[in-house]
Amino acid sequence: MRNQLRQLSRQIHLWAALLIIIPSFIVIGSGLLLQIKKQSDWIQPPTKRGMASIPAIAFDDVLNIAQTIPELNVRSWQQIDRLDVRPEKGIIKLFAKNRWEAQLDAQSGEVLQVAYRRSDIIESIHDGSWFADSAKLWVFLPAGILLFLMWCTGLVLLFTTLKSKYKKRAYRVKRN
């Protein structure tokens, strides 16, 4: 029985590994990049500091300022993905749909920084949605489940191997 469990675990481990090799490589590689996103200006622009902690500019002013920044390519609110208001830092981060980011002083509206933001695209690669919306649920979720199954079968293989080694060692010691 124990030998059958070990054999089954080995087979599951092997075939699961072959099925998830590419999704796992993608998740691990993008995950490593996301781990260092705050340390790398290339992945995610650093957050600047504004002058005041209370936002004073209106959303209409934010749109007007965004329209003056050529990298953002903003003509209307439809080209803006989201705003991130950070009162404690005195800034408003404006994320355009073309992945460019502008950081504005929340009081004066001064443009503090304009930079390309790669972290969002790396996150979408990490969860599989960059490839297709269905890839997230039909490729990356099953790969995660298989990875968990591999972890379980790996534990079975580890414990059965260790148990077998200790039995052989005890048998050798007993014989001598």
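Throughout, read-outs are computed from the coordinates displayed, never taken from laboratory work. Bear in mind the structure is a predicted one, so any value in this text is a computation, not a measurement.
Which residues, taken from the stretch 20-77, are of a type in the set (Val, Ile, Thr) and either farther than 23 Å from Lys136 by Cα or in a loop (DSSP other than H, G, I, E, B) (or both)? Explain how you work it out, then say what you get.
Going residue by residue through the stretch 20-77, those that are of a type in the set (Val, Ile, Thr) are 20-22, 26-28, 36, 43, 47, 54, 57, 62, 65, 68-69, 74.
Listed by number, the residues that qualify are Ile36, Ile43, Thr47, Ile54, Ile57, Val62, Ile65, Thr68, Ile69, Val74.
Which one is farthest from Glu110 (Cα to Cα) among residues in the stretch 58-94 that are basic (Lys, Arg) and under 29 Å from the mean Cα position of the chain (by Cα)?
Of the residues in the stretch 58-94, the ones basic (Lys, Arg) are 75, 82, 86, 89, 93.
Next, from what is left, pick out any that are under 29 Å from the mean Cα position of the chain (by Cα): 82, 86, 89, 93.
Details: Arg82: 18, Arg86: 15, Lys89: 14, Lys93: 12 Å.
So the residue we want is Arg82.
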